[in-house]
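Trainee: If you scroll down you'll find the structure; I have some questions about it.
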Amino acid sequence: MSRHTSLKVGGPADLFAIPDDPDDLLALVNQLSTAGATWIAVGRGYNLLVKDGGIRGAVISLERFNRIEGQGEGRIRAEAGAENLEVVRFGQKAGLGGIGFISGIPGTIGGAVRMNAGAYGEGILERAACLTLLREGNLREFCLSELDYGYRRLSLQQGDILVSVLLQLEERDPVLTEEEIKKDLELRRTKHNVGFPSAGSFFKNPSGQAAWKLIDAAEMRGKSFGGAGVSEQHSNFLVNRGGATAADFLALAEMVKAAVLNTSGVTLEEEVRIVGEDPSR
Ligand SMILES: Cc1cc2nc3c(=O)[nH]c(=O)nc-3n(C[C@H](O)[C@H](O)[C@H](O)COP(=O)(O)OP(=O)(O)OC[C@H]3O[C@@H](n4cnc5c(N)ncnc54)[C@H](O)[C@@H]3O)c2cc1C
């Protein structure tokens, strides 16, 4: 999995499957269920920390699910594997916008929805009308009112696969959307360009506070454990300085959390999704 995640750590999965279309996906999930195997869906692995023992069960990549289509009345449907910037550009061409804030967030719209990814105080689920989920062997559309979500959080059942999202956009001059895209990409080219592999912000911002300020107050900027380090450029980014293992990241994350708890009394919570098994001894 180190080849499929931006942190570049993680042992092997039992199976890495790339279904072609919904029929293929349904057949795959049915076979896995019959075999008693578990699975997780992934996008591009920009927010995923896979442990060194890898993943028992299947990893399902939706990279071939990347169609985007207009649905009228300001709505567009994007399949889970479409890249965020492509979704923004599709809306822009149709004179629709309001999601410029995801332009530079690396990954797929499926990963963004799963994480309620966002920036500048916004989250993508605020722009979503319905999600199509593969749940318990059936494809079903869920309205947002049926789902529990919040800051960088969407509650789903184990094994749920997000197949597509119906976004409700607003009419927007394409020139304005272009400005939003440029502003966001520029911010990421400068502020988020930390020079080493990362998963973006490692910890969520506690209510009303910035995780990076708490980490700085705990004097953890620049600290390291093995090949994992707290970025010098952005202290909420944990980076792979070369040769890091998942265990290095987990140990460093614990050091950061302990230091922040000690100095500020705040318990940081990981934004990065931690999956997989510890290596067997
Ligand atoms: C440099 C950098 C900057 C970043 N900046 C931001 C930022 O500003 N804001 C922000 O919110 N995030 C940011 N991130 C984090 C990351 O880009 C987002 O969380 C992104 O949405 C992850 O998308 P992905 O496709 O890579 O998902 P993955 O990392 O592959 O998956 C994330 C989670 O979603 C699940 N998942 C993915 N696809 C599906 C699916 N189809 N069905 C069910 N579950 C699924 C996975 O199992 C996993 O739990 C940044 C990351 C980097 C490296």
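Trainee: So which of TYR149, TYR120 is among the hydroxyl-bearing types (Ser, Thr, Tyr) and closer than 29 Å to LEU32 by Cα?
Mentor: After ruling out the rest, the residue left standing is TYR149.
Trainee: While we're here: Considering only residues that are among the basic types (Lys, Arg) and in contact with a strand residue (DSSP E or B) (Cβ under 8 Å, 6 or more places away or on another chain), look in the range 57-100 and name the one that is nearest to ASP20 (Cα to Cα).
Mentor: Of all residues in the range 57-100, those among the basic types (Lys, Arg) come to 64, 67, 75, 77, 89, 93.
Cutting the leftovers down to in contact with a strand residue (DSSP E or B) (Cβ under 8 Å, 6 or more places away or on another chain) gives us 67, 75, 77.
On the way: ARG67: 12, ARG75: 25, ARG77: 18 Å.
Among them, the one singled out is ARG67.
Trainee: What are the residues in the range 197-206 that are closer than 16 Å to GLY229 by Cβ and near the ligand (Cβ under 10 Å from one of its atoms), if any?
Mentor: Within the range 197-206, the subset closer than 16 Å to GLY229 by Cβ is 197-203.
PRO197, SER198, ALA199, GLY200, SER201, PHE202 - these are the residues of the range 197-206 that are closer than 16 Å to GLY229 by Cβ and near the ligand (Cβ under 10 Å from one of its atoms).
Trainee: Restricting the search to the range 30-56, which residues are over 22 Å from the mean Cα position of the chain (by Cα) and touching a residue at least 60 places away in the same chain (Cβ under 8 Å)?
Mentor: ASN30, SER33
Trainee: Residues of the range 226-255 being within 20 Å of MET115 (Cβ to Cβ) and assigned to a helix (DSSP H, G or I), which ones?
Mentor: ALA246, PHE249, LEU250, ALA253
Trainee: For TYR120, which of the numbered conditions (1) over 21 Å from ILE274 (Cα atoms); (2) touching a Lys or Arg at 6+ places or on another chain (Cβ under 9 Å) fails to hold?
Mentor: (2)
Trainee: Would you check which residues across the range 72-90 are in a strand (DSSP E or B) and among the hydrophobic types (A, V, I, L, M, F, W, C) and list them?
Mentor: Matches in the range 72-90: ILE76, ALA78.
Trainee: Scanning for something within 13 Å of the ligand (Cβ to nearest atom) and within 18 Å of the chain's Cα centre (by Cα), does the range 177-184 turn up at least one residue?
Mentor: The answer is yes, given that some residue of the range 177-184 is within 13 Å of the ligand (Cβ to nearest atom) and within 18 Å of the chain's Cα centre (by Cα).
Trainee: Go through (1) more than 18 Å from GLY121 (Cα to Cα); (2) assigned to a helix (DSSP H, G or I) for LYS183 and report which single condition fails.
Mentor: For LYS183, the failing item is (1).
Trainee: On to the next question. When the residues of the range 251-281 are filtered to those that are surrounded by fewer than 21 Cβ atoms within 10 Å (Cβ to Cβ) and closer than 18 Å to ARG56 by Cβ, which remaining residue is farthest from the ligand (Cβ to nearest atom)?
Mentor: Only one residue tops the list, namely ARG281.
Trainee: While we're on this one: Answer yes or no as to whether LEU62 is among the hydrophobic types (A, V, I, L, M, F, W, C) and under 30 Å from ASP278 (Cβ atoms).
Mentor: Taking the combined requirement at face value, the residue satisfies it.
Trainee: If you don't mind, another one. Given the conditions (1) part of a strand (DSSP E or B); (2) near the ligand (Cβ under 8 Å from one of its atoms); (3) not β-branched (Val, Ile, Thr), report the number of the one that GLY57 does not fulfil.
Mentor: (2)
Trainee: Is one or more of the residues making up the range 195-209 outside the structural domain of GLN92 (by TED's automatic domain parsing) and charged (D, E, K, R)?
Mentor: Yes, the range 195-209 contains at least one residue that is outside the structural domain of GLN92 (by TED's automatic domain parsing) and charged (D, E, K, R).
Trainee: Could you please let me know if ILE76 is at pLDDT 95 or above and within 14 Å of LEU169 (Cβ to Cβ)? Before you say what the answer is, go through the steps one by one.
Mentor: Values: at pLDDT 95 or above: yes; within 14 Å of LEU169 (Cβ to Cβ): yes.
Spelling it out, ILE76 is indeed at pLDDT 95 or above and within 14 Å of LEU169 (Cβ to Cβ).
The values are calculated or read from the model by the stated rules, or taken from the named source; none is laboratory data. Computed from a prediction, not measured in an experiment: that's the story for all the values here. Neighbour counts are summed over all protein chains in view; Cβ atoms, including those assigned to glycine, are modelled from backbone coordinates with ideal geometry.
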